[in-house]
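The values are calculated or read from the model by the stated rules, or taken from the named source; none is laboratory data. Just so it is clear, the model here is predicted, and its values are computed rather than measured. Please note: Cβ atoms are built from the backbone with ideal geometry, for glycine as well, and neighbour counts cover all protein chains shown.
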Amino acid sequence: MPLISFVNWDAIPGVAHAAFGGWGVTALGVICILQYVVYLQRTRANQDETASAFHEIRSELDNIQKDHRITRLENRLLREFVSETDVDRAIRVLLNNLIPNTDRGFAVSLEISDKNISVGQSRGLSREARKALIVDPEILARAAGGEPFILEGQEFRTSCLAGSLTVADRRHIHRLFIIGIESEDALSGLVIATHMFHAETADQRHFALLKQLVQRISELRRAALALESQRHELTRTNDILELRAITDTRFESPVDMIQEFMTALRGKTAANRAVLYISTTAEGVSRNSFVRCGTVPNPNVERQLCQAEDAIAAQAHSTLTTQVFNRTDLLRHGIRSFLTHALAVPLVRKGATVGAICLSRDSSDKFHDADLELAMWAADYLAGTILNALQHAQVEQRARTDGLTGMANRASFDEAIKNEVRSANETDGYCSLLLLDIDRFKVINDKFGHLVGDHVLRSAAQTVLASLERLRTQDRVLAARYGGEEFAVLLPGVNETGAARMAEVIRTAISDHTFVFAGATIPTTVSIGVATLPKHAEDVNQLIAAADGALYYAKESGRDRVAIARSTDPRRDDTPVTLPGASQSL
């Protein structure tokens, strides 16, 4: 306690009176001492007041400087953010300013989608922590309010977030600053930082600045989502218009149209394969798909792949709901194949399933919502149009098909041979024609009756078609009933040698086939005439006449054989060439 505090100031007048009253010099000395003490006390008080005022001024200057730094930081960041239109760049600017020095800590932005949390951008955070970062549900709940908060003390040490950090990341970290990013009234992200800009301590202005910057990021994200939504709608509308345009295009048959439609759908959804199923019964999806298009990773597993697609489509067909599968889902349903992602959409019309669409991928990329939406639209559209298209195809098929044999009829053949001969002449290509006649067919009719004759015609026609299928000839090959017991096979792009080989395969197949009806065996053979443009003809009539002449020669040479027409070149021998077979007679 200072000396001055022991002075009784009320006694000073009495002391002075005593001094002048006779105390003399002693009293006067006491007064001087007291006056000096008073002087010291006043000087000390003035010094304390000066020090206090200086401290207040120094503190005020510090606050002014701090405010000035924050103001400059605010102005600089706000200028950058106002001019920034890209969300990712805005987040990068924020993280760089939160943690200027990565040796002191880290900052990270997290993306939240469908309850999945992933690291978007980070600064100063180790690669191991980026992969293993976990955020507690309680932290997410607090961040949903959009207000910044501090995670520190026991709450920080016991959190899953702290536990997911590496030892190096936790070094010198005692607390975390956290704020949520909202989009469409939902939490779409988090910003987590160990420091608030480059300040040692954070105050309300730092929090207010952080909140303002994050709100700007939220605005940019909402704008980006709106723009993406508009872009998605435009893309979807364009895709739909292009798919609809396919159905408005004139094709040779509705089947070709549907094939083109599914091929385009596969491309627009980036699927490796696309399959359209049509229900043949009320109980399930046809195991024979109506249209399959796409690639097969390995020809040896094509059958397994088709079975997997059938099983996927059956799921949608049986539940009347769209099904989306990842690799785990496929395995859970017992579907083991090269497929990694698939979706199946039922075709529903008037409450009943009329088919299904199956799209699949063998890559790690999953199907997005846009792919699913387009597939669902396609299913609805096809459900309304495909039956009409198929009915039209059936009518068209009946008009172009011989009812007894299932082959193309004469009208279809006449149209096709005109087109193919014209094309061959324009391109200097080949076009071959086989004319087949069942040997002694009149005898079969007379001996066994017309029912047996019809059976022989049907069986012979199916044998011809099966032989062509085994030969894997091109799609433009046409087998037709030419008239009575005669068949015609049109072979665009096939030369004389190839046509003769195919004719011999057909002749052998029919000769080796056992024709049985009602327990009776009917020996059946064919004679075949072969002609090729341009060697044997120059136009349609010449080609038919040349093949017919070769057929006549085969008959005259003993039947059950193949004969090749004579050349139109006058320098060549005009005698038809025969490939002898085993003649048979009834």
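Summary table below
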quantity	calculated
Conditions (1) under 51 Å from the mean Cα position of the chain (by Cα); (2) at pLDDT 90 or above; (3) among the charged types (D, E, K, R); number of the one not met by residue 486	(1)
Test result for residue 146, more than 32 Å from the chain's Cα centre (by Cα) and either surrounded by 13 or more Cβ atoms within 10 Å (Cβ to Cβ) or in contact (Cβ under 8 Å) with a residue 12 or more places away in the chain (or both)	yes
Residue in region 454-483 that is modelled with the highest pLDDT, counting only those that are within 41 Å of the chain's Cα centre (by Cα) and among the hydroxyl-bearing types (Ser, Thr, Tyr)	467
Selection count, region 439-455, where residues are buried (at least 21 other Cβ atoms within 10 Å of the Cβ) and in contact with a strand residue (DSSP E or B) (Cβ under 7 Å, 6 or more places away or on another chain)	1
Single match in 52, 109 (criterion: modelled with pLDDT under 80 and among the small types (Gly, Ala, Ser))	52
The listed residue being more than 17 Å from residue 437 (Cβ to Cβ) and basic (Lys, Arg), out of 476, 507	476
Test for residue 525: is it β-branched (Val, Ile, Thr) and free of Cβ contacts under 8 Å to residues at least 12 places away in the same chain	no
Residues located in region 311-325, provided they are in contact (Cβ under 8 Å) with a residue 40 or more places away in the chain and not aliphatic (A, V, I, L, M)	317, 322
Residues satisfying the stated conditions in region 243-278, i.e. in a helix (DSSP H, G or I) and free of Cβ contacts under 8 Å to residues at least 24 places away in the same chain	245, 246, 248, 256, 260, 264, 267
Region 109-133, residues that are over 16 Å from residue 187 (Cα atoms) and of a type in the set (A, V, I, L, M)	125, 129, 132, 133
Residue selected from region 112-130 under the condition among the charged types (D, E, K, R) and within 23 Å of residue 97 (Cβ to Cβ), by the criterion surrounded by the fewest Cβ atoms within 10 Å (Cβ to Cβ)	127
Residue in region 189-223 that is modelled with the highest pLDDT, counting only those that are part of a helix (DSSP H, G or I) and farther than 23 Å from residue 140 by Cα	223
Close pairs (9 angstrom Cβ cut-off, 6 or more residues apart or separate chains): assigned by TED's automatic domain parsing to the domain that holds residue 157 and free of Cβ contacts under 8 Å to residues at least 24 places away in the same chain in region 121-136, outside any loop (DSSP other than H, G, I, E, B) and not hydroxyl-bearing (Ser, Thr, Tyr) anywhere	130/108; 130/119; 131/119
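Residue-wise test of (1) at pLDDT 90 or above; (2) crowded, with 19+ Cβ neighbours inside 10 Å; (3) of a type outside the set (A, V, I, L, M, F, W, C).
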residue: 366; (1), (2), (3): no, no, yes
residue: 386; (1), (2), (3): no, yes, no
residue: 393; (1), (2), (3): no, no, no
residue: 404; (1), (2), (3): no, no, no
